[in-house]
1. In the structure shown, do any of A:Lys117/A:Lys289; A:Lys166/B:Lys347; B:Lys372/B:Lys432; A:Lys289/B:Lys573; B:Lys395/B:Lys432; B:Lys27/B:Lys395 have a Cα-Cα gap over 30 Å, and if so which?
2. Just the number: Rg to Rh for chain A, Cα atoms, Kirkwood Rh, two decimals.
3. Where nothing but the Cβ of Lys and Arg (+1) and of Asp and Glu (-1) is charged, how large is the charge dipole of the protein assembly as shown around its Cα centre, in debye to the nearest 20?
4. Kirkwood hydrodynamic radius for region B:519-614: how many Å is it when counted over pairs of different Cα atoms?
5. Please report how far the C-alpha centroid of region B:570-647 lies from that of region A:13-71, rounded to the nearest whole angstrom.
6. Subtract the Cα-Cα distance of B:Met1 and B:Asp359 from 0.36 nm times their separation in residues, and report this length gain in nm to one decimal.
7. Can you give me the long-range amide H partners of B:Phe86? Hydrogens built in the peptide plane at 1.01 Å from N, cutoff under 5 Å, separation of 5 or more residues or another chain.
8. For peptide B:588-595, compute the average count of partner chain beta-carbon atoms within 10 Å of each residue's beta-carbon.
Amino acid sequence: MELPDRKNVITLLHGAGGTYMHSLIRDVFLKLNDGFGEVGLEMMDDAAVVNGIVFTTDSFVIRPIFFRGGDIGRLSVSGTVNDIAMMGGDPQALSLGVVLEEGFPKDMLEKIVESIKKTAEEANVHVVTGDTKVMERGNLDKIVINTAGIGTRPRQLDHNIETLRKSRQPSRWLVPTNLRDGDKIVVTGTLGDHAIAVLSSREGVGFESNVMSDVAPLNKMIMNLLEVGGIADAKDPTRGGLADLLQDWSEKSGLGIFIRESDIPVKDEVRAAVEFLGMDVLELGNEGKAVLAVSPEYVKDVMDALHSDPLGKDATIIGEVRKDLEGVIMETVVGGNRYVGRPLGDPVPRIC
Amino acid sequence: MKSFRITASGIVQGVGFRPFVFRTALKSGVSGFVRNLSGSEVEIVIQGSQDSISKFFSLFFLNLPPQSRLEQITITPLEGDILQGFKILKSEKMRYEASQIPPDFSVCSECIREVLDPGNRRYRYPFNSCVNCGPRFSMMRKVPYDRENTAMVEFPLCDECAQEYNDPDNERRFDAQGISCPKCGPRLYIEDMRGNRLEGDPIKLAGKLLTEGKIIAIKGIGGFHIACDPFDDDVVLTLRARKGRPSKPFAVMSISSDIISNFAEINPLEKDILESPERPIVLLKKREDSPISKHVSPGLDREGFFLYYTPLHYMLLSEVKGNTLVMTSANRHGYPMCTTESCVKEKLSGIVDYMLYHDREIVNRVDDSVIKFAGNRLHILRRGRGYAPLWIRMKSKFKTPAIALGAELQNAGALMFDDKVILTQYVGDTDKLENLQEMEKMLNFLMSTYDVRPRVILVDKNPGYQTRYVANRLSEKFSAEIVEVQHHFAHALSVAADHGSDEGVAIAIDGVGYGDDGNAWGGEILLFTGSEYERSYHLKYVPYPGGDVNALRPRRMLAIFLSQVMTLEEAGKIAGLNENEVIMLRSSLRGNRIYTSSTGRFLDAVSAFLGVCDRRTYEGEPAIRLEASASNGKLLDLDIPVVGNEIDTLKAFEWLISEEGKVNDIALTVQYRLGEALAKAALKLNPQVILVSGGAAVNEYILRGLRENSEGIEVITPRRVPSNDGGIALGQAHYLLQRDRAN
Ligand SMILES: [Fe+3]
Ligand SMILES: [Mg+2]
Ligand SMILES: [Zn+2]
Ligand SMILES: [Zn+2]
């Protein structure tokens, strides 16, 4: 049986978020870091900040291209818009790079572009430049899209940072070092929807499900929250999911994080599928959710604002930042607590 | 005049050793002193004529205290002053040789006699103990075992007790650190869950309430139990419902082996163990006509019995019908057993109706030990009270002190130094932070007791185990090297260590452990020399998409096995999956990257196929119930062949589909034939003996299949540690020893 050599070649695990990807980035890409930028490469955050401009890029591959609740076009706009928003930036313009496999149906491409247009309008951003390449049949699976985006510093962010000053000395942007003991951890909606929607839409192995992907641009919602204030950091739980995100926060802030499994919002149908498939909802990617660290005196107002927004109607407080703990610890529904580590990629069986 | 210094190590503290030396000195006429040293050893200095000295030594070696164990004794001649009289001195901080921490002993028969004697001042005293009996490890804060280092420090001796303590002629109480009486000792209370104390004799009240069908938390030695009437179905089912524990068996405590023999068959080996001072739970074959509710251990052919081990238990059992109670560890699902009243109030309200407790602190949580005899051989399933933390001596010495963190479920850790491995007591599943912290606390206790700093931290190869967090912390704290050991090699080495072998052939039959190739191993035949091994044979690889979900859903695992010999649709139908589940499984299988050779999963799938058990509510349930279902079965024809380096378990499923015999015959055949196949494969390696370990190594029928087909080659299982993951730490220790020797 052929087994992947996990040390010397790139495997799918290296792209899955979690431990393997982190070591790849650290070992290989971080060599590019030269300290440039207000928020630079060394921060390994969702976006960088250069001369007051928030800047980020992301590539998108997904099977199937059209899935319940979304498609690759909507995904490539939302992904980049959200990365800018999670830094506190106001997204302005996008670039669009498309690599196509020879033989790709033109009407399908038009549908994708239509979806890009609609999503960009929804997010109030503009595609201002682009590039197209075609590769020989078989050298690429259908389509790869890359978007890069820039955002400006909105006055809402200034206000938000001002509100944080009462309890800490914050950075100028939404970064993990802003976290403080006692901050509440909020997720803005149910987890796992996107992953299950995509899986269940897969050709040949698609299973029955009504779950829709949550893919959506979150910049307007975040902007409203910054208006309320008290947002120490925001981050979207995409690849690697909540587990990877919280581990990141804990490592970069040097603080512990405690969460309660029973408070994590998950749709019943998602839970059932996740369980049967042997997946961990904490590790699944989401494309229309944010996780927030909120200063406790603002949490009520933030929750109210979320609940009045359709994208945040299922928002829940799932835990808090704790300086007396090390790492990320979860109180489980079966009883007892456990550490939540970075995803290891493939499920690693532990039950004897 | 001659003088000698004697240092004795082994089990010499907490067993009446100093008073014994004192009396021996008086009888032989030597002067000098005796004292405890901090490494849990005892130092004796004697001075006297040639005659009195030789008298001392002969009396000494003839009459050693019953619970003591002398492992090492050094005698050196001394020059020195004339000593006057013989004294027991205060304990010393220094140490020469490390010695054993005494485990907890059950109450002795003399102490029970006193408790039952209306003329005795300890009549009906629930905490009676003497130099030969009572709690030790569970109430120790540190060594040496002196009263001020135990939870008994809160209970200063009254005049009468002090007199006994100071009277060298009082064989059972002179210098006995744990003694007390109704006047000066701990007190017993009973209260309801709102905190209202009940007036009257707590034991009589508890007995009455239990007889009425109430459920009561009872504070014991190493933790709380939950007690209830074992004869009443409704009561047992109520407890099951309240605990959310549908079928995990409850242990049953009784007042004598005679009474237990009405409920179960007891052979002489089992009787000895039942009555030993360690008082473990022994899994006995149920009698058909047993009046105990079938809900106590549903679906099993064995029931766990143990005898009282404190006067409190004895008196309580005397109050209830049949002198027998369910006594299961008091924990909420997923949490460790409670050791404090506040834990009971917080975690068990809604489960128990009352709490019977005392005001002596439980310092170290120690669970009841569990023993099973399979094929007349003893298997430790859980190594707790009575056994831990006794050490295991190895054939050679460790280069540096080290720590082993075991695996993850039913785990125990270990500290090792010199030639000793000290396993912690069973701490439970360390995938729970509470248990992980308990293990770390125990290891810290052992490190400070023996004053050693580990240079190596041994962990399982599995990157997902929670013990990794402890490993990282300890490695940083002690600048210690982290060393990974493959799970099944550790299983193999746990038997090897037990029998002192450095090479051989080992069969690891197990649930799942992280393999060198990233797959989920669990049915492995290893050929090893020192710290190197070759994986010679293994159960046939089958896909393991989703990992742990397959352990939780035996029918899913069954469908995967069957899908290897038929279409997934047909497989799903036989396994009882619905259409959508079949599609989801197909989706999982398509992206699958991980395979398993697990014995446990094979047994789970067979269990599900036979309709014996398709839900896992406790560890190993489907496999354990499959074993139970084979009771009185007979052996049918089935060949599980060895093809290349794989044992072709799929043949068993092809056979199962076509076979229409009785469930017990089929169940027995599959397990026995698996053992036979493993023996066939192992024999190809020309073994001298066959070492067997792993969670399934306590399965009667697999062992029988192995033993009856090993062509006279001896088949050996671990004796001193569990063959389940509770013994992994010992295997890891043995690995380090072998690795360092090779270097
Ligand atoms: Fe194991
Ligand atoms: Mg951010
Ligand atoms: Zn006694
Ligand atoms: Zn007294």
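The values are calculated or read from the model by the stated rules, or taken from the named source; none is laboratory data. Just so it is clear, the structure is predicted and the values come from calculations on it, not from any experiment. For neighbour counting, all protein chains shown are included, and Cβ atoms are generated from backbone atoms with ideal geometry for every residue, glycine included. Heavy atoms of the whole protein, side chains included, go into the accessibility calculation; ligands, DNA and RNA do not. Shrake-Rupley method; radii C 1.70, N 1.55, O 1.52, S 1.80 Å.
1. In this structure, A:Lys166/B:Lys347; A:Lys289/B:Lys573; B:Lys395/B:Lys432; B:Lys27/B:Lys395 lie more than 30 Å apart at Cα.
2. Rg/Rh for chain A comes to 0.95.
3. Rounded to the nearest 20 debye, it is 2360 debye.
4. Kirkwood radius, region B:519-614: 13.9 Å.
5. If we compute the Cα centre of each part, the gap is 42 Å.
6. Numbers: separation 358, 0.36 × 358 = 128.88 nm, distance 5.04 nm.
This chain segment gains 123.8 nm when fully extended.
7. The list, which skips near neighbours in sequence, is B:Gly32.
8. Per residue, the number of nearby Cβ atoms from other chains is 4 on average.
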